[in-house]
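Where a number appears in this text, it was derived from the coordinates with a stated rule and is not lab data. Quick caveat, the model's predicted, so the values are computed rather than measured. Glycine also receives a Cβ, built like all others from the backbone with ideal geometry; neighbour counts cover every protein chain displayed.
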Amino acid sequence: MSAAEIYLDYAATAPVDPAVSAAMADCLAREFGNPSSLHATGRRARQLVEAARAAVGARVGAPPERLVFTSGATESNNLALQGVLLRSRARRVHLVTSRIEHKSVLDVAHALEQGGVAVTYVDATPDGHVEPERVLEAITPDTQLVSIMHVNNETGVIQDVLAIGAGCRARGVLLHVDAAQSAGKVPLDLAAAPIDLCSLTAHKLCGPKGVGALYLAPRVTLVPQLHGGEQERSLRAGTLATHQILGMGKAYELADPAREAPRLAALRDRLWQALAGIEGARQNGDPGRRAGHILNVSFPGVEGESLRFALRDLAVSAGSACAADSPEASHVLTGMGRSDVLAGSSLRFSVGRFTAEDEIPEAAARVAAAVARLRTLAESAPMWCSA
Amino acid sequence: MEYSPAVVRHFDAPHWARELPRDAPGLVSGDAEDRTLHVWIRFQLQLIDGVVRAVGFRAFGCPHTVAAANVVAEWLEGRSVAKARGIDVRGLCAHLTVPVEKLGKLLRIEDAVAACWRTYSQGS
C-alpha cells in the first residue's frame, strides 16, 4: 500500500556515489597494505592516502599536509575542542560557542564544562544567525577557542565565519568551524580564511561513512585524544583506513559546488513554492543566507511525531538525524525562539545529487495530504497546539 | 520509535476520529490536555437510553495517542453506559504496546472520557 520512498534527507547522509563505491571496492580488493609500512605494499597504500588527502585539500582550499584524517566530523569536533582546550590544564580556559551547534560540539562543550572549562553559549537570532558581534563580545582574556558551525545542519543558514574569524584573529583566539554541512556544497577556501580548525566529513558528500578530517592551520597545536600510534603526525593514532580515505578523496574530487549548488537551490526553491501553499507553513532560517540544499518548514497545528509517522514514505528529518531518537524538540529551533510544539511540527528537507525533479512535487503533495489529515484529526484543538 | 502493527492500523485509519453533530440528542463532550506532553483530546459520546450510541474523538498527539483514542472509541460504541463507565483504558490499550514514557498520554484519554461522564451525570 505504501508509495515508493522519496529520499530528501541528504543533510543526514547521502547515497554513496557509484564512482566512489567502485573506487573503494577496487581498493579493498587490491590494496590491503598498511600505509605506515615502509615496504612496497605499504607504500602503495600510502600513495592512495596522500592522493586522497590532496583531493580533499583541493576541494576546501587547504594544503594537504594540514589535514588529519579521522572517523568523521564528530571525532573531528571532539579532537578540535578537547585537543585545544585540554592543552593547558593549569590555567583557566574559556570556550565560546552557540546554542545552535551540532550535538557533537555542544555535548563536548558540556563535558568540558564538567571538567572545569568555562563555556559561553551565544544565542541565535530568530532567523537562525549567530551574530559575529555577539560572539566576539563573549570573548574574554581566558578564551582559547571559538567554535561556530559554517552551515547549520537543521536550517541551512550560513554563518558569517569569516567575520567571526577576523575578530578572533584580532584577539588572538583560535576559531574552529564545523563544516560538515558546507564542505563541497558552498565555497570554502581554508587557506585564505581566518579559520584555524575545520571539521570535515565524507558521507554528507556522497562519500562513505566512518571517515572525516580535521584541518589545522599552521600555528595550531593540539593534544591528541587517541593514543597508540604515530599516525597523522601523532595527532590521531590508529591504522589508516585506506579504502575509507580513498573514498573520501573521491567524493571530494567529484563534488562541484559551482555546478551542483544552483541545481540544488532550484530544487529546494521549487519544494518551498509547493509547500508554501499549505496554510500556515513557514520557513525556519533566513532564506537570504542559506545553503542551497536545506529547507526547514514548520506546519502549525500538527503534532510532530504524528507528522513524521504519517510521512514515513518520505525520508525527511525533524531536525538533526543525530538526535532523531530524542523526544526533545530541536534545540536549534527552540534556540531561534520557536516553541517546543512548533519546533516539533517542523521538518527538515534536504536535497542532493540524486534528487530527481519529479520527486519534488510528489513530496510536497504527500506533505500537504498528511498535514491536512492531521489538522482534521486535531480540529478544534486549542491555540497552543498551533503556536 | 517503533510502532506496533496495531498502532499503525489505528493511526492510519482512525474510524472514530470524527465530529458528531453538535445538536445530536444525548451528546456529551469532554476535553483533556497536557501541554508538556503535547497532547489534547476531545471525546464526544452520544448517550441514548442508557447506551453509548455513537462516539467521536479529536486528537492532537502522537501516533500512540491517536491509536489509543481510536481503540477506546471503538470499545465504547454500543456499550451500555453502566459497562462503559467501567472502562479500563490502560488494559484496553495494552496490545498497542505504548512505551512507558507515553503512558501519561493515555491518562489524558481517561480524563477526556471521565469529563464526558461528569457532564452526563450533571445532566441526568
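Annotations
- Average Cα contact separation per residue, segment A:92-182, under 8 Å, 6 or more apart, as relative contact order %: 31
- Between residue A:30 and residue A:289, the distance separating the two model label sites (each 7 Å from Cα on the Cα→Cβ line) works out to 4.7 nm.
- Antiparallel DSSP beta bridges within segment A:18-254, as percent of all bridges there, nearest 5: 40
- Alpha carbon centroid spacing (whole Å) that separates segment A:33-81 from segment A:173-237: 10
- Helix A:40-60 vs. chain A, principal-axis angle (Cα, 0 to 90°, nearest 10): 50
- Overall shape: oblate for segment A:1-135, with the ratio a/c of the largest to smallest alpha carbon gyration tensor axis at 1.5 or above and b/c at least equal to a/b.
- Percent antiparallel among DSSP beta bridges (both partners in the protein assembly as shown, rounded to 5): 65
- For segment A:26-59, trypsin sites (Lys or Arg not before Pro) meeting the loop criterion (DSSP other than H, G, I, E, B) and having at most 11 other Cβ atoms within 10 Å: none.
- Virtual paramagnetic centre 7 Å along Cα→Cβ of residue B:119, amide N under 20 Å, in segment B:65-79: B:66, B:69-79
- Given chain A, longest segment not containing exposed loop chymotrypsin sites (Phe, Trp or Tyr not before Pro) (DSSP; at most 15 other Cβ within 10 Å): A:33-353
- Alpha-carbon centroids, segment A:327-387 and segment A:256-293: separation in whole Å: 15
- Sorted peptide list for A:107-118, A:218-229, A:203-214, criterion being average Cβ within 10 angstrom, highest first: A:203-214, A:107-118, A:218-229
- The gain in end-to-end length when the residue A:21 to residue A:91 segment is fully stretched comes to 20.5 nm, 0.36 nm per residue minus the alpha carbon separation.
- Spin-label pair residue B:94/residue A:270, simplified geometry with 7 Å Cα→Cβ offset, distance in nm: 5.3
- Under the criterion of Cα pairs below 8 Å and six or more residues apart, the relative contact order for segment B:33-124 equals 30 percent.
- Degrees separating the helix B:103-123 axis from the principal Cα axis of chain B, which is the longest one: 0
- For peptide A:300-313, the mean count of partner chain Cβ atoms within 10 Å of a residue's Cβ comes to 4.
- Computing FRET efficiency as 1/(1 + (r/R0)^6) for residue B:85 and residue B:36, where r is the C-beta to C-beta distance and R0 is 25 Å, gives about 0.30.
- Chain A pair-distance distribution - Cα-Cα, 10 Å bins, rounded %: 5, 23, 31, 24, 13, 4, 0, 0
- Residue A:166-residue A:226 pseudo-label distance in nm [points 7 Å out on the Cα-to-Cβ vector]: 3.7
- Kirkwood-Stokes translational diffusion coefficient of segment B:5-123, alpha-carbon pairs, 25 °C, 0.890 mPa s, µm²/s: 175
- Take every Cα pair under 8 Å whose residues are at least 6 apart in sequence, average their separation, divide by the length of chain A, and the relative contact order is 23 percent.
- Relative to the longest principal axis of the Cα atoms of chain A, the long axis of helix A:18-30 makes an angle of roughly 40 degrees.
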